[in-house]
Amino acid sequence: MYTSHGASHIINTLKTAGYDAYIVGGAVRDQIIGRAIHDVDVITNASIDEIEASFSRVIKVGIQHGTILVPVTGTLPVEVSTYKGDTLEDDLRQRDFTVNAMAMSLTGDMIDPFNGQQDIKNKVLRTTADPSDVFSSDPLRLLRALRFAVHLQFKISEHTQRMMNDLYPLIHQSAVERVAMEMGKLSQVSLTNQDWDFLLNQKVFQELPYLFKHREIQYQLKSPAHRAKLTGDLAWWSVALYQKEIEIVKDGLRYYKLSNALSKDVRLIHELVSIFLESSWTSKDLYILGTERLHVALILINYLSECTVHSTFWLMHYNNLPIKHRKDLDVSGKELIQEFPEWKGSEIGERIRAVETAVLEAVIPNDKAEIYQWLRKET
């Protein structure tokens, strides 16, 4: 199984060089659970310099944390780390949860000093050491606990949960970029209403600034009546940061340091959702949204509306638009310059936008001759 992930080559190379090496962490956990394994991490008693000397090529990413990437033909690079501590058990002890603190040899021998296999069997998430020490050493683990609980459908142990309820303010010590990245990981799996009920009642989740503060959205996420799945960065952040006050939304986007492109899309969705809730959408509104943003806007509207909005109607309306992108127009800006050489550059842009609107509103067909005739008449 691990050969396809490159782990076999990495471990055999290190062992030939005289070092111990094991598969560790999430890959071992997912192997036991029977989940798909997307990547494999390898741990070794070799130093970073010794790891680097063992392979013809490495990628020096994470080297300051004792980790290096080793390219393997036909698969993604494998992350190889040197022990944190003197022994393998020292390293495993420093990991977050027992289910992530197991190692396995290529022959299947299991190193499980904290009974992670038993916790997997019992579907329990428990820290490797005293939760106060585990969460204080890296407060982001408070959010990782929530993510693993909902993704694996495990119950957080009573002692671990009790300490999380006490230590939740520590999350403010985590870099905002790391918090945003953790939210991104949480957004990649469809969550049930029960999952949302669990998350929204967690003190550390409630402590996160700007996220899921709209009461109606909170109610709908937890309601069995709403079954829209909130997956992907755009849907997640659009719903998570929604507020009527646009300045609060902008503050949230800046706080989590989201990319300019994602921030722009979230603001546009919020603007068009407000338009819908006040009146409705025109063909031009649907055109501006485009496919992905339209899907997200409909999800958000269904969380905010008292009655269900039928997405099929709006998606059909969008699919029937005469154009969906500016490139679909039967004329280009370059052709307008040739046809109307007296127009300045700024005027060309204005005319193109006017043509888009006229075509979308069925004032004129998307035909070059008709467009030229309409422009001459209008100007």
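Tell me, how many Å apart are the Cα centres for segment 104-183 and for segment 318-354?
That distance is 55 Å.
With equal scatterers on the alpha carbons only and no solvent term, can you work out the Debye log10 of I(q)/I(0) for segment 266-379 at 0.17 1/Å?
-0.83
What is the distance, in nm, between label points placed 7 Å from the Cα along the Cα-to-Cβ direction at Asn165 and at Ala17?
It works out to 4.9 nm between the two label points.
So for segment 26-178, what are the equivalent ellipsoid semi-axes in whole Å, largest first, each being the square root of 5 times an eigenvalue of the Cα gyration tensor?
The equivalent ellipsoid of segment 26-178 has semi-axes of 28, 19, 15 Å.
Any chance you could tell me what percent of the C-alpha pair distances in segment 133-265 go past 27 Å?
Roughly 16 percent, rounded to a whole number.
How high is the FRET efficiency between Lys257 and Asp130 when r is their beta carbon distance and R₀ equals 35 Å, given to the nearest 0.05?
0.60
Which translational diffusion coefficient, to the nearest whole µm²/s, is obtained for segment 251-290 from the Stokes-Einstein equation, given a Kirkwood hydrodynamic radius over C-alpha pairs, 37 °C and 0.692 mPa s? Don't jump to the answer; show the numbers that get you there.
Details: Rh = 11.0 Å.
This corresponds to a translational diffusion coefficient of 298 µm²/s.
No solvent, one uniform scatterer per C-alpha: report log10 I(q)/I(0) for the chain via the Debye equation at q = 0.12, 0.14 1/Å, two decimals.
Relative scattering, expressed as log10 I(q)/I(0), comes to -0.99, -1.16.
P(r) tail for segment 82-154, what percent of Cα pairs lie past 20 Å?
Percentage above 20 Å: 30.
Mean-square fluctuation check for the chain, GNM, Cα pairs under 10 Å: which of Trp237, Trp343, Trp314 is largest?
Top of the fluctuation ranking is Trp343.
For the chain, give the magnitude of the charge dipole about the Cα centre (Cβ charges: +1 Lys/Arg, -1 Asp/Glu; no others), in debye to the nearest 20.
540 debye
Using +1 on the beta carbon of Lys and Arg, -1 on that of Asp and Glu, and nothing else charged, what's the dipole of segment 1-107 about the Cα centre, debye to 20?
260 debye
Which helices pass in the chain if a helix is a full DSSP H run, must span at least 18 angstrom along its long axis by Cα, and must have mean Kyte-Doolittle hydropathy not below -1.0? Walk me through the intermediate numbers first.
Working: long enough: 260-278 (27 Å, 0.53); 283-304 (23 Å, 0.71); 345-360 (23 Å, 0.19).
Helix filter hits for the chain: 260-278, 283-304, 345-360.
At 1.4 Å probe size, with every protein chain present, just tell me what the per residue accessible area of segment 172-268 comes to in Å².
I get 51 Å² per residue for this part.
What is the sum of charges around Leu360, taking Lys and Arg as +1, Asp and Glu as -1, for the other residues whose C-beta is under 12 Å from the C-beta of Leu360?
Details: positive: Lys284, Lys324, Arg326, Arg353; negative: Asp285, Asp328, Glu356, Glu361.
Here the charged neighbours net out to 0.
Say the dipole of segment 83-153 comes from +1 at the beta carbon of Lys and Arg and -1 at that of Asp and Glu; which of Leu146, Val134, Gly85 then lies farthest toward its positive end?
Of the options given, the answer is Leu146.
Quick one: net charge of Tyr256's neighbours, Cβ under 15 Å, K/R +1, D/E -1?
Surrounding charge for Tyr256 is +2.
If the elastic network links every pair of Cα atoms under 10 Å, which of Leu92, Leu253, Leu262 fluctuates the most in the Gaussian network model of the chain?
The residue that fluctuates most here is Leu262.
Considering the options Ala21, Pro71, Thr357, tell which one lies farthest towards the positive end of the dipole of the chain, charges being +1 on Lys and Arg and -1 on Asp and Glu at the Cβ, about the Cα centre.
It is Thr357.
Can you find, among Phe276, Phe340, Val249, the residue sitting farthest towards the positive end of the charge dipole of segment 243-359, where Lys and Arg contribute +1 and Asp and Glu -1 at Cβ?
The residue sitting farthest along the positive end of the dipole is Val249.
Taking all protein chains as present, what is the carbon and sulfur share of the accessible area of segment 1-84, in % to the nearest whole number, probe 1.4 Å?
Values: 2040 of 4220 Å².
With neighbouring chains kept in place, the figure for segment 1-84 is 48 percent.
Enter the Cα centre distance for the pair segment 253-317 and segment 17-84, rounded to the nearest angstrom.
That distance is 42 Å.
Between Val309 and Arg93, what FRET efficiency comes out of the Förster formula 1/(1 + (r/R0)^6) with R0 = 41 Å and r the beta carbon distance, rounded to 0.05?
0.20
Amide H of Leu125 versus every other amide H placed in the peptide plane: which residues, excluding those fewer than 5 positions away on the same chain, fall under 5 Å?
Correct list: Lys155, Ile156, Ser157.
Considering only Glu335, Glu292, Glu247, give the residue with the highest GNM mean-square fluctuation for the chain, with springs between Cα atoms whenever their separation is below 10 Å.
Result: Glu335 has the largest fluctuation of those listed.
When the accessible area of segment 148-212 is split by element with a 1.4 Å probe, what percent falls to carbon and sulfur?
The value for segment 148-212 is 51 percent carbon and sulfur by accessible area.
Using a 1.4 Å probe on the protein chains only, how many percent of the accessible area of segment 222-324 belongs to carbon and sulfur?
Carbon and sulfur together cover 52 percent of it.
The values are calculated or read from the model by the stated rules, or taken from the named source; none is laboratory data. Note that the structure is predicted; figures quoted are calculated from it, not measured. Every residue, glycine among them, receives a Cβ derived from its backbone with ideal geometry; neighbour counts consider all protein chains shown. We work out accessible area using only protein heavy atoms, side chains counted, and drop any ligands, DNA or RNA first. Shrake-Rupley method; radii C 1.70, N 1.55, O 1.52, S 1.80 Å.
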